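Notes follow the structure.
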Protein chains: 2
Amino acid sequence: MRPTVHDIAAEAGVSLATVDRVLNNRPGVRSVTRDKVERAIATLGYVRDVAAANLAKGRSYPLIFILPEGENAFMRGLEAEVEAARARSAVERTDISILSVPAFDATALADALDEACSREPAGVAVVAVEAPEVVAAVGRLREDGIAVVTLVSDLTGSERDHFAGVDNIAAGRTAGSLMRRFLGGRDGPVAIVAGSMLVRDHRDRLEGFSAAVSEGADTRHLLPVVEGHDDPTEVETLVQDLLAAHADLAGIYSLGAGNRGLIAALEKAGRQSEICAIAHELTPYSRAALISGTIDALLNQDAGHEVRSAIRVLKARADGLSMIEAQERIRIDIFLKDNLPVEPA
Amino acid sequence: MRPTVHDIAAEAGVSLATVDRVLNNRPGVRSVTRDKVERAIATLGYVRDVAAANLAKGRSYPLIFILPEGENAFMRGLEAEVEAARARSAVERTDISILSVPAFDATALADALDEACSREPAGVAVVAVEAPEVVAAVGRLREDGIAVVTLVSDLTGSERDHFAGVDNIAAGRTAGSLMRRFLGGRDGPVAIVAGSMLVRDHRDRLEGFSAAVSEGADTRHLLPVVEGHDDPTEVETLVQDLLAAHADLAGIYSLGAGNRGLIAALEKAGRQSEICAIAHELTPYSRAALISGTIDALLNQDAGHEVRSAIRVLKARADGLSMIEAQERIRIDIFLKDNLPVEPA
DNA sequence: GAATTTTTGATGTACGTAAATCAAAAATGC
DNA sequence: GCATTTTTGATTTACGTACATCAAAAATTC
């Protein structure tokens, strides 16, 4: 049987009240006594029964998710997952609210973070935009003892507790490696369409892709990166221009969102089978394009996993507990048309 | 605030004791009264607070894992994950024990299942071998109200509650598709090394692979399947023979374990770079081979995820609760040397 | 309609922790 | 060494549920 507070009190030779004072670091305990209790905790291997504690406290975990607005299908899927988690609030003792901010707007994001801070939640999950004011706002949250997890896109140099997202350099490398192998000996340049170089995840993917697409004897000419701001219409125009300018285009790597535009441009030009297209995120559109063959491979991060992981980590941090590292590593899914999950995801 | 048993009692106009009788279906309640209570539960949307209930009951979940013996690296990794889960027993209220049985031995497995049954656990997770006596033994467990989850390899026709493993047909298809694309226009036959056609997962992978490796203009000669029983030594001999017999061998698909043998044979023959090798399961050996280039792609199922998922499902089933479907879908990881996770897994 | 059985109510204790109160003891200042 | 402050102990209530007991009420049987 695992030890209880009573056992600690007995072991340390103090009263229950003192144990409680130490455990919840309330004032009024001499450091000698505190040490005695802490030693008893260590020798007995006591771990607080979080369920019982939450029951006694009537605790719930107020959490805030800050997500970008816009018709980015992946982000809307992410929001749907947050909503799904909200539906489980009763069981999971969470109280989740969502703040929407304009995409790629550092100032708005920093303001939202401050707004979140003023609501005094237990934790905040945020899709980061890399900018000094955002880093600063995250720092203020942490100073107030609020747990912060970056979601999907990380924030270098910040005090965030954890990043719930994939290793985007590895994702880019994987895309590059697949592109290289799928193209085999074929000639022709490869185009890269990004969303914005302002977000960390896109920059990382680009870095990884560029490094991996050429290796050994395989060298490949990469066209300059174009930015479509995750907007389908903008992406379609950009890809149309690329197709027109390069009759020998061998491949396209779309490392952001707005894949509807990519798919439309390729299919309208009738070059979907000759060009190897690799993109990110499984959405209804990209799924259909993968099945039809317009897209050759799709890298995906499971939004549901990211949201659930963020919640687990935020709760654990709020309780000062550790997490299962391996469980919180978000993996890069590679989808070919052969291993698509059954239900539309 | 979520409703409690008191709220139900008030709403239904009965006493707390009666609500308790209904909730834990104890005898001595007229069906009219039972209906009243159930309607109150429905209208208030009451969900039992599992944490509080477990606290009151002092409940723990005795679980039994039945795993195959032998030096199969994946299975040893799986066992390590079960041990890791055991270390978390206190927090998770589980009481996990492990039964080891000889691999591919249906009789021994059925005996182990009966042994597990006699210990009256809350749930059993089992790496299945497909055989009628195993199906029957699982049926007996279910009849006794014990939850059963198949792990890694499923059991067709059985009453198991859930399968914690990957879609092995899709895994095979994926391997076939990668093989086809990686080989490109290259000629030469492809060999297939299996563990045993007795286990469902191997049969499924073979089926998927055969279907996907040839598509459209790409037709590929497949050599007859050989069985290495997941034993490195046996596999090495088999692959040596294959290499000797087929000078023009283009690819090898190893759909079972024993990859050390495959790697050794390829490297001793010095044909690791000319032959496209695709295998399953990330182990220290296969990881090294992927980095060195001996293996070109590795399909993996995350043993840690499978174990944690099995535990979640068994606990939920024991409580008569539902699970988050998407969370319990085990995905097929595709590893190239570019997206290997950092720590040795 | 009396005797019996079945159903329901009322109440208390327990689980492990949190949090509060008030009294007692110990340490501190001067 | 006395007054004061700080530290500690003892005790109680609460969280939401489970489970047991005993009495009271209602339904059933003959």
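Any residue at all in the stretch B:264-278 that's open to solvent by less than 20 Å² (accessible area, probe 1.4 Å), away from chain A (no Cβ under 14 Å), in a loop (DSSP other than H, G, I, E, B) and at pLDDT 95 or above? Give the steps one after another, and end with the answer.
Restricting attention to the stretch B:264-278, the residues satisfying the condition of being open to solvent by less than 20 Å² (accessible area, probe 1.4 Å) are B:265-266, B:275-278.
From what's left, away from chain A (no Cβ under 14 Å): B:265-266, B:275.
Narrowing further to those that are in a loop (DSSP other than H, G, I, E, B): B:275.
Restricting the remaining residues to those that are at pLDDT 95 or above gives B:275.
Among the residues of the stretch B:264-278, at least one is open to solvent by less than 20 Å² (accessible area, probe 1.4 Å), away from chain A (no Cβ under 14 Å), in a loop (DSSP other than H, G, I, E, B) and at pLDDT 95 or above, which makes the answer yes.
Please work out which residue is nearest to the other protein chains (Cβ to nearest Cβ), limiting yourself to the stretch A:176-190 and to residues that are without any contact (Cβ under 8 Å) to a residue 24 or more places away in the chain and more than 18 Å from B:Asn339 (Cβ to Cβ). Show your work before the answer.
Filtering the stretch A:176-190 down to residues without any contact (Cβ under 8 Å) to a residue 24 or more places away in the chain leaves A:181, A:184-185.
Now drop any that are not more than 18 Å from B:Asn339 (Cβ to Cβ), which leaves A:184-185.
Values: A:Gly184: 4, A:Gly185: 8 Å.
This residue is A:Gly184.
Go through (1) aliphatic (A, V, I, L, M); (2) open to solvent by 10 Å² or more (accessible area, probe 1.4 Å); (3) touching a Phe, Trp or Tyr at 6+ places or on another chain (Cβ under 7 Å) for B:Ile96 and report which single condition fails.
Of the numbered conditions (1) aliphatic (A, V, I, L, M); (2) open to solvent by 10 Å² or more (accessible area, probe 1.4 Å); (3) touching a Phe, Trp or Tyr at 6+ places or on another chain (Cβ under 7 Å), the odd one out for B:Ile96 is (2).
Considering every residue within the stretch A:194-216, establish whether at least one is assigned to a loop (DSSP other than H, G, I, E, B), touching a Gly at 6+ places or on another chain (Cβ under 9 Å) and open to solvent by 30 Å² or more (accessible area, probe 1.4 Å).
There is at least one residue in the stretch A:194-216 that is assigned to a loop (DSSP other than H, G, I, E, B), touching a Gly at 6+ places or on another chain (Cβ under 9 Å) and open to solvent by 30 Å² or more (accessible area, probe 1.4 Å).
From B:Arg140, B:Arg76, B:Arg119, grab the single residue that is closer than 30 Å to B:Leu198 by Cα, basic (Lys, Arg) and within 18 Å of the chain's Cα centre (by Cα).
Numbers: B:Arg140 fails: within 18 Å of the chain's Cα centre (by Cα); B:Arg119 fails: within 18 Å of the chain's Cα centre (by Cα).
Checking each option against the conditions leaves just B:Arg76.
Tell me which of these A:Glu83 doesn't satisfy, since it passes every other one: (1) surrounded by 15 or more Cβ atoms within 10 Å (Cβ to Cβ); (2) assigned to a helix (DSSP H, G or I); (3) of a type in the set (Asp, Glu).
Every condition holds for A:Glu83 apart from (1).
Please work out if A:Ser292 is open to solvent by 10 Å² or more (accessible area, probe 1.4 Å) and in the same structural domain as A:Arg220 (by TED's automatic domain parsing). Even if it seems obvious, please write down each step before you answer.
Details: open to solvent by 10 Å² or more (accessible area, probe 1.4 Å): yes; in the same structural domain as A:Arg220 (by TED's automatic domain parsing): yes.
So A:Ser292 passes the test.
Is it the case that A:Thr219 is free of Cβ contacts under 8 Å to residues at least 24 places away in the same chain and outside the structural domain of A:Ser322 (by TED's automatic domain parsing)?
Details: free of Cβ contacts under 8 Å to residues at least 24 places away in the same chain: yes; outside the structural domain of A:Ser322 (by TED's automatic domain parsing): yes.
Answer is yes for this residue.
Does the stretch A:129-146 contain at least one residue that is buried (at least 17 other Cβ atoms within 10 Å of the Cβ), assigned by TED's automatic domain parsing to the domain that holds A:Glu69 and part of a strand (DSSP E or B)?
The answer is no, given that none of the residues of the stretch A:129-146 is buried (at least 17 other Cβ atoms within 10 Å of the Cβ), assigned by TED's automatic domain parsing to the domain that holds A:Glu69 and part of a strand (DSSP E or B).
Within the stretch B:21-35, take every residue that is open to solvent by 60 Å² or more (accessible area, probe 1.4 Å) and more than 9 Å from DNA strand C (Cβ to nearest atom) and give me the one that is nearest to B:Thr94 (Cα to Cα). Step through it out loud before you land on a result.
Let us first name the residues in the stretch B:21-35 that are open to solvent by 60 Å² or more (accessible area, probe 1.4 Å), namely B:21, B:25-28, B:30-32, B:35.
Within this subset, residues satisfying the condition of being more than 9 Å from DNA strand C (Cβ to nearest atom) are B:25, B:35.
Details: B:Asn25: 24, B:Asp35: 34 Å.
Filtering the stretch B:21-35 for residues that are open to solvent by 60 Å² or more (accessible area, probe 1.4 Å) and more than 9 Å from DNA strand C (Cβ to nearest atom), the one nearest to B:Thr94 (Cα to Cα) comes out as B:Asn25.
More than 18 Å from A:Leu63 (Cα to Cα) and touching a Pro at 6+ places or on another chain (Cβ under 6 Å) - does that describe any residue in the stretch A:141-164?
no
Being more than 14 Å from chain A (Cβ to nearest Cβ) and more than 7 Å from DNA strand C (Cβ to nearest atom) is the filter here, so list the residues in the stretch B:6-20 that pass it. Step through it out loud before you land on a result.
Within the stretch B:6-20, the first condition is being more than 14 Å from chain A (Cβ to nearest Cβ), and the residues that meet it are B:6, B:8-20.
Listed by number, the residues that qualify are B:His6, B:Ile8, B:Ala9, B:Ala10, B:Glu11, B:Ala12, B:Val19, B:Asp20.
Within the stretch B:291-345, how many residues turn out to be farther than 18 Å from B:Gly123 by Cβ, within 11 Å of chain A (Cβ to nearest Cβ), among the aliphatic types (A, V, I, L, M) and in a loop (DSSP other than H, G, I, E, B)?
Final tally of qualifying residues: 5.
Would a scan of the stretch B:300-313 turn up a residue that is within 30 Å of B:Asn24 (Cβ to Cβ), basic (Lys, Arg) and open to solvent by 30 Å² or more (accessible area, probe 1.4 Å)?
So in the stretch B:300-313, the residues within 30 Å of B:Asn24 (Cβ to Cβ) come out as B:308-313.
Filter again for basic (Lys, Arg), leaving B:308, B:312.
Imposing the further condition that a residue be open to solvent by 30 Å² or more (accessible area, probe 1.4 Å) reduces the set to B:312.
Within the stretch B:300-313 (the criterion being within 30 Å of B:Asn24 (Cβ to Cβ), basic (Lys, Arg) and open to solvent by 30 Å² or more (accessible area, probe 1.4 Å)), the answer is yes, since at least one residue qualifies.
Return yes when B:Ala51 is in a helix (DSSP H, G or I), away from DNA strand C (no atom under 16 Å from the Cβ) and small (Gly, Ala, Ser) and no when it is not. Show your work before the answer.
Details: in a helix (DSSP H, G or I): yes; away from DNA strand C (no atom under 16 Å from the Cβ): no; small (Gly, Ala, Ser): yes.
Considered against the rule, which asks whether it is in a helix (DSSP H, G or I), away from DNA strand C (no atom under 16 Å from the Cβ) and small (Gly, Ala, Ser), B:Ala51 comes out as no.
B:Ala90 fails exactly one of the following numbered conditions: (1) open to solvent by 20 Å² or more (accessible area, probe 1.4 Å); (2) within 16 Å of DNA strand D (Cβ to nearest atom); (3) closer than 27 Å to A:Ala51 by Cβ. What is the number of that condition?
Condition (2) is where B:Ala90 drops out.
Output yes when any residue across the stretch B:100-110 is touching a residue at least 24 places away in the same chain (Cβ under 8 Å) and touching a Ser or Thr at 6+ places or on another chain (Cβ under 7 Å), and no when none is.
Our first condition is that a residue be touching a residue at least 24 places away in the same chain (Cβ under 8 Å); within the stretch B:100-110, this holds for B:100-107, B:109-110.
Narrowing the set further to residues that are touching a Ser or Thr at 6+ places or on another chain (Cβ under 7 Å) leaves B:104.
Checked against the condition, which is being touching a residue at least 24 places away in the same chain (Cβ under 8 Å) and touching a Ser or Thr at 6+ places or on another chain (Cβ under 7 Å), the stretch B:100-110 yields at least one hit.
Let's see how each residue does on (1) within 16 Å of DNA strand C (Cβ to nearest atom); (2) more than 23 Å from A:Leu109 (Cβ to Cβ); (3) within 14 Å of chain B (Cβ to nearest Cβ):
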residue: A:Ala56; (1), (2), (3): yes, yes, yes
residue: A:Tyr61; (1), (2), (3): yes, no, yes
residue: A:Leu67; (1), (2), (3): no, no, no
residue: A:Ala73; (1), (2), (3): no, no, no
residue: A:Arg76; (1), (2), (3): no, no, no
residue: A:Glu79; (1), (2), (3): no, no, no
residue: A:Arg88; (1), (2), (3): no, yes, yes
residue: A:Val91; (1), (2), (3): no, yes, yes
residue: A:Thr94; (1), (2), (3): no, no, yes
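Tell me, please, whether a residue that is free of Cβ contacts under 8 Å to residues at least 24 places away in the same chain and either away from chain B (no Cβ under 11 Å) or open to solvent by 20 Å² or more (accessible area, probe 1.4 Å) (or both) can be found in the stretch A:36-46.
Of the residues in the stretch A:36-46, the ones free of Cβ contacts under 8 Å to residues at least 24 places away in the same chain are A:38, A:42.
Add one more test, that the residue is either away from chain B (no Cβ under 11 Å) or open to solvent by 20 Å² or more (accessible area, probe 1.4 Å) (or both), and what stays is A:38, A:42.
Scanning the stretch A:36-46 turns up at least one residue that is free of Cβ contacts under 8 Å to residues at least 24 places away in the same chain and either away from chain B (no Cβ under 11 Å) or open to solvent by 20 Å² or more (accessible area, probe 1.4 Å) (or both).
For the stretch B:32-43, name all the residues that are within 12 Å of DNA strand D (Cβ to nearest atom) and either under 38 Å from the mean Cα position of the chain (by Cα) or basic (Lys, Arg) (or both).
B:Ile41
Looking at B:Leu243 and the list (1) more than 11 Å from every other protein chain (Cβ to nearest Cβ); (2) within 24 Å of B:Pro68 (Cβ to Cβ), which single condition is not satisfied?
(2)
Restricting attention to the stretch A:178-193, which residues are assigned to a helix (DSSP H, G or I) and in contact with a Phe, Trp or Tyr (Cβ under 9 Å, 6 or more places away or on another chain)?
If we filter the stretch A:178-193 for residues that are assigned to a helix (DSSP H, G or I), which is where we start, we get A:178-183.
Matches in the stretch A:178-193: A:Met179, A:Arg181, A:Phe182.
Could you check, for the stretch B:247-261, whether at least one of its residues is in contact with a Pro (Cβ under 8 Å, 6 or more places away or on another chain), open to solvent by 10 Å² or more (accessible area, probe 1.4 Å), in the same structural domain as B:Ile192 (by TED's automatic domain parsing) and outside any loop (DSSP other than H, G, I, E, B)?
yes
Got a number for residues in the stretch A:17-31 being farther than 21 Å from A:Asp319 by Cβ, part of a helix (DSSP H, G or I) and either in contact with a helix residue (DSSP H, G or I) (Cβ under 9 Å, 6 or more places away or on another chain) or within 6 Å of DNA strand D (Cβ to nearest atom) (or both)?
Residues in the stretch A:17-31 being farther than 21 Å from A:Asp319 by Cβ, part of a helix (DSSP H, G or I) and either in contact with a helix residue (DSSP H, G or I) (Cβ under 9 Å, 6 or more places away or on another chain) or within 6 Å of DNA strand D (Cβ to nearest atom) (or both): 2 in total.
Counting only residues that are surrounded by fewer than 24 Cβ atoms within 10 Å (Cβ to Cβ) and in contact (Cβ under 8 Å) with a residue 60 or more places away in the chain, how many does the stretch A:147-164 have?
2
Could you tell me whether any residue of the stretch B:60-72 is assigned by TED's automatic domain parsing to the domain that holds B:Asp319, part of a helix (DSSP H, G or I) and farther than 13 Å from B:Lys315 by Cβ?
no
The values are calculated or read from the model by the stated rules, or taken from the named source; none is laboratory data. This structure is a prediction, so every number in the text was calculated from the model and none was measured. Cβ: placed from backbone, ideal geometry, glycine included. Neighbour counts: every protein chain shown. Accessible surface is based on the protein model in full, side chains and every heavy atom, while ligands, DNA and RNA are left aside. Shrake-Rupley method; radii C 1.70, N 1.55, O 1.52, S 1.80 Å.
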